[in-house]
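Reviewing the structure listed below.
The values are calculated or read from the model by the stated rules, or taken from the named source; none is laboratory data. Model, not experiment: these values are computed from the prediction. Cβ placement follows ideal geometry from the backbone for every residue including glycine, while neighbour counts extend to all protein chains displayed. In case anyone asks, the SASA skips ligands and DNA or RNA and just uses the protein heavy atoms, side chains included. Shrake-Rupley method; radii C 1.70, N 1.55, O 1.52, S 1.80 Å.
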Amino acid sequence: MSFDSQHTASYYAATARNAAPYPSLDDELTADVCVVGGGLTGVNTALELAERGLSVVLLESRRIGWGASGRNGGQLIRGIGHDVSGFTRHVGQDGVRYLKQAGIDSVALVASRIAQYGIACDLRWGFCELANTAEQFAAFKDEQDDLATLGYRPETRLVGPGQLHEIVASDQYAGGLVDMGSGHLHPLDLVQGEARAAHSLGVRIFEQSPVLRIEHGPRVTLHTARGKVRADSLVLGCNAHLDELEPRLSGKVLPAGSYVVATEPLPEALAATLIPQNMALCDQKVGLDYYRLTADRRLLF
């Protein structure tokens, strides 16, 4: 595999299909909205705004998808990362229901954009949550019932420990919950494909253009090394890479590490033995393990 020298070396950078570069900013521009950050947050914000007819400039300090958006586990699954029931006292039952629905709608939105814009990103449906204990497996029934209450349409099914080898070649789990409305994909191809879609709608995208300073006023002005952007509104989609660009937010960001390793391509028979239905898999540990097969039959863990 050969790596894009402007991306952090990864399996995804070596296999990306939508990696055409964008220029760096060397001009003074105006826009309705300036978006800072070329990950999933920034790119999809720009795309959504362009679909609604606004003029948008997107500034990325490195390459589109350089950060976690382009080098993660590649799992496209419902939810927002943890149980939201604890927020009831803050947002009420309606707010919790909204959060649960948002975690479902987000997957549907990704799927619709992949279809609408013809993004090649190895999308594969099928996900299984794996229980590490019998108690966790019992809780999957409540989760399945909750999804039914929300009107969740994709197929879900419980898989007992005796049938789990149909999902994964392991004796470590107490059962699973299959969700055919979630799955896995190539995340760097996804975000770069979404950027290409945004660009086709008029979003002006600039890479290798870190924002050095922000002036707030009636209009916001963003300064890069060789250019500036004046906009009515600003979106900061930098996530972990905000640094000191906006001190009011920087102190609220905590670092968290997630690490990915991929094997060499596996023989077809071995890959089919390890994960027979080619699903995305994830256990229930606090420091969870999540893994899947790539399109070229690597085990990505």
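Tabulated values for the structure
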{"quantity": "In Å, descending, principal axis extents of the Cα set of the chain", "calculated": "64, 50, 35"}
{"quantity": "Prolate/oblate/rounded call for region 51-95, Cα gyration tensor, a/c under 1.5 rounded", "calculated": "oblate"}
{"quantity": "Cβ-based net charge around L130, under 11 Å, with every Lys or Arg adding one and every Asp or Glu removing one", "calculated": "-2"}
{"quantity": "Accessible area expressed per residue, the chain, with surrounding protein chains retained (probe 1.4 Å, Å²)", "calculated": "51 Å²"}
{"quantity": "Square roots of five times the Cα gyration tensor eigenvalues for region 163-230, Å", "calculated": "46, 15, 12"}
{"quantity": "Of all accessible heavy-atom area on the chain, the percent that carbon and sulfur account for (1.4 Å)", "calculated": "53 percent"}
{"quantity": "Ratio Rg/Rh, restricted to region 214-269 and using Cα atoms, in which Rh is the Kirkwood radius", "calculated": "1.28"}
{"quantity": "Value in Å of the Kirkwood radius, where region 1-157 supplies the Cα pairs that are averaged", "calculated": "18.8 Å"}
{"quantity": "Rounded tilt (10° steps) of 40-51 against the dominant C-alpha axis of the chain", "calculated": "70 degrees"}
{"quantity": "Dipole magnitude of the chain about its Cα centre (Cβ charges: Lys, Arg +1; Asp, Glu -1), debye to nearest 20", "calculated": "520 debye"}
{"quantity": "Within the chain, helix-based [θ] at 222 nm, where runs of 4 or more DSSP H residues each add -39,500 (n - 2.57), nearest 500", "calculated": "-9000 deg cm²/dmol"}
{"quantity": "Residues of region 30-64 with amide N under 17 Å of a point placed 7 Å along Cα→Cβ from Q116", "calculated": "40-56"}
{"quantity": "For region 186-301, Kirkwood radius (reciprocal of mean inverse C-alpha pair distance, Å)", "calculated": "18.4 Å"}
{"quantity": "Kirkwood Rh in Å, taken over region 94-149 so that all alpha-carbon pairs contribute", "calculated": "13.8 Å"}
{"quantity": "Around R97: net Lys/Arg minus Asp/Glu count, Cβ-Cβ under 13 Å", "calculated": "-2"}
{"quantity": "Distance from region 118-172 to region 249-274 (C-alpha centre basis), Å", "calculated": "19 Å"}
{"quantity": "Candidate lysines - alpha carbon under 20 Å from K285, same-chain residues fewer than 8 apart omitted", "calculated": "K141"}
{"quantity": "log₁₀ of I(q)/I(0) at q = 0.13, 0.17 Å⁻¹ - region 122-255, Debye sum with one point per alpha carbon", "calculated": "-0.82, -0.96"}
